[in-house]
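Working notes for the structure below.
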Amino acid sequence: MRRFFFGFRSLAAALFLIDTQAQRCTQFAGYYEDEYRKEDGAWKISASRFVVSSILVLDLSESLAQCVFAGRALPMAA
């Protein structure tokens with residue numbers, strides 16, 4: 001069995017988390033860093049991680065969405 005390895009940074013992606021009880025929407029934007037291995041002639045993902053590049057938190061409790069936080073990483077909870 002021959003094995004080859006390489007890493008790849010994929011296109012940007014966005015993930016939305018909507019909390020209907022807290023009336024908040026959190027958006028994470030970032031990219032995937034994938035590692036691939038070629039085993040028996042087929043490329044397979046051997047590892048994957050999502051790297052967050054920005055975060056946006058919106059308060060949806062009023063008729064107009066309000067920005068609670070925007071940045072690269074959420075501040076530490078007190």
Q) Only one residue in Ile45, Ile55 is touching a Leu at 6+ places or on another chain (Cβ under 7 Å) and not in a loop (DSSP other than H, G, I, E, B), so which one is that? A) Ile55
Q.
Quick check on the range 16-24. Is at least one of its residues surrounded by 13 or more Cβ atoms within 10 Å (Cβ to Cβ), at pLDDT 90 or above and assigned to a strand (DSSP E or B)?
A. yes
Q.
Looking only at the range 54-67, how many residues end up being surrounded by fewer than 13 Cβ atoms within 10 Å (Cβ to Cβ) and either in contact (Cβ under 8 Å) with a residue 24 or more places away in the chain or of a type in the set (Gly, Ala, Ser) (or both)?
A. 2
**Q.** Phe69 within 11 Å of the chain's Cα centre (by Cα), assigned to a strand (DSSP E or B) and either closer than 15 Å to Leu15 by Cβ or not acidic (Asp, Glu) (or both)
**A.** no
Q.
Cβ contacts < 6 Å: first residue within 22 Å of Ala73 (Cβ to Cβ), restricted to the range 32-50; second residue of a type in the set (Lys, Arg), any location; separation 6+ or different chain. Result?
A. Glu33/Arg9; Glu33/Arg49
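The values are calculated or read from the model by the stated rules, or taken from the named source; none is laboratory data. Just so we're clear, the structure is a prediction, and the values are computed from it rather than from any experiment. Positions of Cβ are generated from backbone atoms using ideal geometry, with glycine treated the same way; all protein chains shown enter the neighbour counts.
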